[in-house]
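The values are calculated or read from the model by the stated rules, or taken from the named source; none is laboratory data. This one's a predicted model, so the numbers in the text were calculated from it and none came from an experiment. Backbone-built Cβ (ideal geometry, glycine too); neighbour counts: all protein chains shown. Note: areas computed on protein heavy atoms with side chains; ligands, DNA, RNA excluded. Shrake-Rupley method; radii C 1.70, N 1.55, O 1.52, S 1.80 Å.
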Amino acid sequence: MFDALLLSIRQLGDKRILAVFVKSMLLTLAIFVALGAALWFGVEALIAHYFDASDSIASLIAAAALLLGALGAWLLFRAIAVAVISVFADEVVHAVEAKHYPAKFAAARDLSFARSLGMGLRSAVRALLVNLVLAPLYILLLVTGVGTALAFFLVNSWLLGRDLGDMVAVRHLPAADLARWRSATRLSRFILGAAGTALFFVPFVNLAAPVLGAAMATHLFHRRTVK
């Protein structure tokens, strides 16, 4: 895993990787701006219409709602960022394979935009739903001091490992072999997810975490032979 991380970091200067980073960041930012605007104007209109509040009061409540929404921004950022990188994953995987695994690169198949988008949307929905379902457990574990953070880390490591692993596997394995591959790589994918989740906790590094995660997943897939 450490070697995969080092190799991924060293390739961040690759023009193809940089292009994906810029595109994914701009798209992620645009999505957040759109969500923030929708939250602001939606709450403002709701308060003004149903509670007959003045414009200033409605704006104040909308600002408070936006602030509360920002508290969950980390989870939302992780879900949206991974969904976005799924759309551009082909470019990251291809860049890594072309440099380090040319034979595998030649044998890989491209995914359609529709399938990449579908994988990204499923990833985001799965991350949000699983964490929402487990929210009561997270709250109960607050009394332990570290239980909530640990549970959150473990759950999202599992989710992220699945998503990152699939980004590469679907390009090399037939659909019939995916289930067997997932079963045989549970531990390695969890470790991959743990490394990726840890990157999301590091300020500034978290911006590159989705790209690094996709690159690490590519290295790990090709360095592990499933019998």
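The helices (runs of 4 or more DSSP H) found wholly in region 1-81 and carrying at least 3 residues that are surrounded by 15 or more Cβ atoms within 10 Å (Cβ to Cβ) and either modelled with pLDDT under 85 or on the phi > 0 side of the Ramachandran plot (or both) occupy 15-50, 55-71. When restricted to residues that are more than 17 Å from ALA81 (Cα to Cα) and of a type in the set (Gly, Ala, Ser), region 2-31 contains 3. Before we move on, is ARG109 modelled with pLDDT of 85 or more and surrounded by fewer than 21 Cβ atoms within 10 Å (Cβ to Cβ)? Criteria not met by ARG109.
In the condition set (1) surrounded by 12 or more Cβ atoms within 10 Å (Cβ to Cβ); (2) closer than 24 Å to LEU199 by Cβ, GLY118 is compliant with all but (2). Using the structure shown, decide if PHE221 is in a helix (DSSP H, G or I) and open to solvent by 50 Å² or more (accessible area, probe 1.4 Å). Considered against the rule, which asks whether it is in a helix (DSSP H, G or I) and open to solvent by 50 Å² or more (accessible area, probe 1.4 Å), PHE221 comes out as no.
Considering only residues in region 143-153 that are surrounded by fewer than 14 Cβ atoms within 10 Å (Cβ to Cβ) and of a type in the set (A, V, I, L, M), the one that is modelled with the highest pLDDT turns out to be LEU150. Criterion applied to LEU132, LEU140 was being of a type in the set (A, V, I, L, M), modelled with pLDDT of 85 or more, open to solvent by 40 Å² or more (accessible area, probe 1.4 Å) and more than 26 Å from THR28 (Cβ to Cβ), and the one residue passing it is LEU140.
In a residue-by-residue description of region 165-184, the property of being assigned to a helix (DSSP H, G or I), under 13 Å from the mean Cα position of the chain (by Cα) and without any contact (Cβ under 8 Å) to a residue 60 or more places away in the chain applies to at least one position. Of all the numbered requirements in (1) open to solvent by less than 10 Å² (accessible area, probe 1.4 Å); (2) closer than 20 Å to SER116 by Cβ, ASN156 misses one, and that requirement is (2).
Restricting attention to region 185-218, which residues are among the polar types (S, T, N, Q) and part of a helix (DSSP H, G or I)? Of everything in region 185-218, those that are among the polar types (S, T, N, Q) and part of a helix (DSSP H, G or I) turn out to be SER188, THR197, ASN206, THR218. Test THR185 against the stated conditions and say whether it is closer than 20 Å to VAL22 by Cβ, out of contact with any Ser or Thr (no Cβ under 8 Å at 6 or more places or on another chain) and open to solvent by less than 20 Å² (accessible area, probe 1.4 Å). No; evaluated as a whole, the condition is false for this residue. Being within 20 Å of GLU97 (Cα to Cα) and buried (at least 18 other Cβ atoms within 10 Å of the Cβ) is the requirement here; does PHE200 meet it? Considered against the rule, which asks whether it is within 20 Å of GLU97 (Cα to Cα) and buried (at least 18 other Cβ atoms within 10 Å of the Cβ), PHE200 comes out as no. If you go through region 169-184 and keep only what is out of contact with any Leu (no Cβ under 7 Å at 6 or more places or on another chain) and within 22 Å of ALA103 (Cα to Cα), you end up with HIS172, LEU173, PRO174, ALA175, ASP177, LEU178. Of all residues in region 130-175, those being among the hydroxyl-bearing types (Ser, Thr, Tyr) and over 19 Å from GLY193 (Cα atoms) number 2. With respect to ALA169, determine if the residue is open to solvent by 60 Å² or more (accessible area, probe 1.4 Å) and farther than 17 Å from LEU6 by Cα. Answer is no for this residue.
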